[in-house]
1. Leaving out ligands and nucleic acids, note down the accessible area per residue over the chain with a 1.4 angstrom probe, in whole Å².
2. Can you send over the solvent-accessible area of Met142, 1.4 Å probe, protein chains only, in Å² to the nearest 10?
3. Which aspartates and glutamates have a Cα lying under 13 Å from the Cα of Lys140, excluding residues fewer than 8 positions away in the same chain?
4. Taking 30 Å as R0, compute the FRET efficiency from the Cβ-Cβ separation of Asp59 and Leu19 and round it to 0.05.
5. Provide the FRET efficiency to the nearest 0.05 for the Arg163-Arg214 pair, computing r from the beta carbons and using R0 = 30 Å.
6. Only loop residues by DSSP count here, and only those with at most 10 other Cβ atoms within 10 Å; note down the GluC sites (Glu not before Pro) in the stretch 152-187 that meet that.
7. Quick one: order Asp198, Asp48 from most to least accessible surface, probe 1.4 Å.
8. Consider the candidate values (1) 20.7, 72; (2) 21.2, 67; (3) 17.5, 51; state which one is Rg and Dmax of the Cα atoms in Å computed from the structure displayed.
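The values are calculated or read from the model by the stated rules, or taken from the named source; none is laboratory data. Just so it is clear, the structure is predicted and the values come from calculations on it, not from any experiment. Because the Cβ atoms are built from the backbone with ideal geometry, glycine has one as well, and the counts that use them run over all protein chains shown. Just so you know, the surface numbers come from the protein's heavy atoms only, side chains and all, with ligands and any DNA or RNA stripped out. Shrake-Rupley method; radii C 1.70, N 1.55, O 1.52, S 1.80 Å.
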Amino acid sequence: RCVKGTWGQPVPPSFAMPLPVIEADPFITPDGRRLYYISSRHAPAKADFDIWYVERTIDGGWGEPQRLPAPVNSPAAELLPRTDADGRLYFGSSRAGSAGGGDIYVATEVRPGEWTVANLSPPVSGGGYEYEAEISRDGKTMIVVSDRGDRSHLYRYRREGERWVEVGRIPADPAQFQVGPLLSPKGDRLLFAQRHGDRSGEMFLIDLVPEPDRSWPPTCGDQ
């Protein structure tokens, strides 16, 4: 929490489980009412990640964790759940039928608790081992983590009508792999993780347009 211009110490949220359960990739939906994340709590010995979520409660806390049903979750691992403004859920999965070992999928909740899932297909899926995808709120920009034989890098796609068009690779250190992309609300800036010297998983920020809204991400001094 940011208190009087200073960040406090991080603490586990109420729904988190301790090790050996591994939990990661948290994402709060644009309306702030739901938080998606991945967890191995159902099978900690296997490290089989499934997508779970918690709902915001009236008092501002979080409710009980709920595991998404099949076909969203599968016997394989699901990673980096992200939603667009319409509630469609994007994620990576190494499930059976994925080209290159992993593809990007989109799930739609057709009625409460009932989902349909579709592979995004080429050019988003199929060019390599795709396992993470970040979608802009307007659904027009996607950042995909893909290993095309030279470690994992970030690739940018633009929505044109009913199809995705690859724009190119995000200019990051080619000698390192990048993961965990997160777009700003306007889709004009991108956060991601990358090794930096002896430190692993440092956060980096890049502008995607010449004049982005630099108020994101907000600093604690702005609070």
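1. Using a 1.4 Å probe on heavy atoms only, each residue of the chain averages 54 Å².
2. Near enough 0 Å² of accessible area.
3. Answer for Lys140, where 13 Å is the Cα cut-off: Asp84, Asp86, Glu160, Glu162, Glu166, Asp188, listed by chain and number.
4. Values: r = 28 Å, r/R0 = 0.94.
Computed FRET efficiency for Asp59 and Leu19 comes out at 0.60.
5. With a Förster radius of 30 Å, E is 0.40.
6. Passing sites in the stretch 152-187 are Glu162.
7. My answer, sorted largest first, is Asp198, Asp48.
8. Calculated Rg and Dmax of the Cα atoms in Å: the matching label is (3).
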